[in-house]
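These notes concern the structure reproduced below.
Taken together, the values in this text are just the output of simple stated rules run on the coordinates, not laboratory data. Since the structure is predicted, the reported quantities are computational estimates derived from the model, not experimental observations. Reconstructed Cβ throughout: ideal geometry from the backbone, glycine too, with neighbour counts over all protein chains shown.
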């Protein structure tokens, strides 16, 4: 597997571990925008930039999948991104914004 930087051999690759900012060419994002983001952040996805699956959102909110889809049908769920394959994703920042908007003063 080729590495992004010259001279980065297998011994160094193993010593760097899984948290190394150096990525294999095959692991690099394919879109220009994603590649530029990886270059700026060293390949790290910040917590606010992550996109959650419906299962992850449901687990975090401790609700059933059917409740999530019921809220979505009623327009009460956080805003979602619909992927070309039909799957949904929720931006972490959008989930946090949605939760903040539902906060009540006690």
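At-a-glance table
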| item | result |
| --- | --- |
| Average Cα contact separation per residue, the stretch 48-101, under 8 Å, 6 or more apart, as relative contact order % | 43 percent |
| For 52, 61, order by how many other beta-carbon atoms lie within 10 Å, fewest first | 61, 52 |
| Fewest-first sequence of 63, 81 by Cβ atoms within 10 Å of each Cβ | 81, 63 |
